């Protein structure tokens with residue numbers, strides 16, 4: 001586990017403490033910078049991850065209040081990874097927004113021919129990076145919120 005200290009506006013430093021690393025919940029994307037002992041995977045931190053699963057079905061309403069349900073399997077799931085990007089990491093000239101945009105440009109669905117493997121906990125999802133949102137959330141502290149959107153196939157454990 002690590003503690004983050006703001007040392008100057010928009011910059012952050014990671015300090016490893018003496019407490020044991022419990023492992024925690026793993027959030028990782030294949031080929032993206034990741035440090036299992038700290039959770040900081042680039043000049044940003046992941047603050048939220050989620051997945052939405054949906055079934056593929058149809059309800060048919062007929063006469064006399066009879067309802068038929070037809071099930072066609074599962075639909076593709078939607079997965080999001082969101083966080084906060086800093087203007088810089090102590091000792092690094094690369095801004096968090098620059099790094100998050102570069103990851104999107106490199107791995108977006110229109111450029112990458114094969115899926116990425118996204119890990120949430122013990123589940124691994126073959127996913128396509130379909131969108132990204134970035135918003136400057138605090139101009140004084142130079143913080144940017146980002147959200148990566150993936151579409152993924154059912155999980156593999």
Burial ordering of 112, 122, 149, fewest other beta-carbon atoms within 10 Å first: 122, 112, 149
Label-point gap, in nm, between residue 68 and residue 105 - each point 7 angstrom along Cα→Cβ: 5.4
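Read-outs: derived from the displayed coordinates by stated rules, not from any lab. Nothing here was measured: the structure is a model prediction, and the numbers come from that model. Cβ sites come from the backbone with ideal geometry, for glycine too, and all protein chains shown count toward neighbours.
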